[in-house]
Amino acid sequence: MKEGELDAVDRHILYYLQQDARATSSTDIAEKLGLSSSTVRTRLNKLEDSGVIRGYHIDIDYDLAGYPLYTKIICTAPVPQRDELANEARDIRGVTAVREIMTGERNVYVNAIGRDHDDLNRISKELDAIGLRIVDEQLIRDEYVCPYHGFLDEDSEPIDEDSDT
């Protein structure tokens, strides 16, 4: 597999893992694709080793876990410091995700959770203290993650059992 060149088997594997990686085995995927389990395991190993699959993450309902407030904090960072500040933001208690944006003034998005408004205020103050300027805060009601259906596009070439590479 060359960087950025996934074939139909790789794309289908990614699609099925996105649906529920925890409850999906290589045998399950192999059955859906008409392949052997060893072929799917080999492909998974290559996808992991190449960095295409960066990890298997849990989807937490923070409200049910006792953190009813979920917010997106939109910040501005000086471009030369953007990656450093984004990484620092990840260490703040309550921050669940940080996204760097390549264009515009709003170039760092921080997702955070809290039990109450005091938690969210503390997080905002800590973001400010490390050098991020807060532009906007959005209280999120819920967020839904879904698999990318483009992995199963109509232009996918047929799956070939003999193609382990």
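The values are calculated or read from the model by the stated rules, or taken from the named source; none is laboratory data. Bear in mind that the values here come from a model prediction, so they are computed numbers and not experimental data. Heads up, the Cβs are rebuilt from the backbone with ideal geometry, glycines too, and the neighbour counts pull from every protein chain shown. Note: accessible area is taken over every heavy atom of the protein model, side chains too, but ligands, DNA and RNA are not part of it. Shrake-Rupley method; radii C 1.70, N 1.55, O 1.52, S 1.80 Å.
Computed with a 1.4 Å probe over protein heavy atoms only, the accessible surface of the range 1-140 comes to 61 Å² per residue.
Quick check: from the Cα gyration tensor, does the range 35-107 come out rounded (a/c under 1.5), prolate or oblate? Cα axes put the range 35-107 in the oblate bin.
The relative contact order of the range 44-137 comes to 33 percent, based on Cα pairs under 8 Å that sit 6 or more residues apart. Placing unit charges on the Cβ atoms of the charged side chains and taking the dipole of the range 1-160 about its Cα centre, the candidate lying farthest along the positive direction among Gln18, Thr103, His149 is Thr103.
For the chain, the Kirkwood radius over C-alpha pairs fed into Stokes-Einstein at 20 °C and 1.002 mPa s yields D = 116 µm² per second. Apolar share of the accessible surface for the chain: 46 percent from carbon plus sulfur atoms, 1.4 Å probe. Basic side chains Lys and Arg get +1 at the Cβ, acidic Asp and Glu get -1 at the Cβ, and with that the dipole of the chain about its Cα centre reaches some 680 debye. Highest mean packing comes first when the peptides 54-67, 6-19, 26-39 are listed by Cβ atoms within 10 Å, giving 6-19, 26-39, 54-67. Taking amide hydrogens as placed 1.01 Å from N in the peptide plane, the amide H of Leu69 sits under 5 Å from those of Gly114, each at least 5 positions away in sequence or on another chain.
Between 0 and 90 degrees, the angle of helix 117-130 with respect to the longest Cα principal axis of the chain falls at about 90 degrees. If you take all other residues with their beta carbon under 12 Å from the beta carbon of Gly94, and give Lys and Arg +1 and Asp and Glu -1, the sum is 0. For Asp7, no residue has an amide H sitting under 5 Å from its own, ignoring neighbours fewer than 5 places away on the same chain, with H placed 1.01 Å from N. Assuming charge only on the beta carbon of Lys and Arg (+1) and of Asp and Glu (-1), the dipole of the range 1-84 about its Cα centre is about 120 debye to the nearest 20.
Taking 0.36 nm per residue of separation and subtracting the Cα-Cα distance, full extension of the segment from Val145 to Ala129 would add 2.6 nm.
Computed from point charges on the beta carbon alone (+1 for Lys and Arg, -1 for Asp and Glu), the dipole magnitude for the range 60-102 about its Cα centre is near 100 Debye.
Using θ = phi - 60° in the Karplus curve 6.51 cos²θ - 1.76 cosθ + 1.60, the 3J(HN,Hα) couplings for the range 12-17 round to 5, 4, 4, 4, 5, 5 Hz; x is entered for Gly and Pro.
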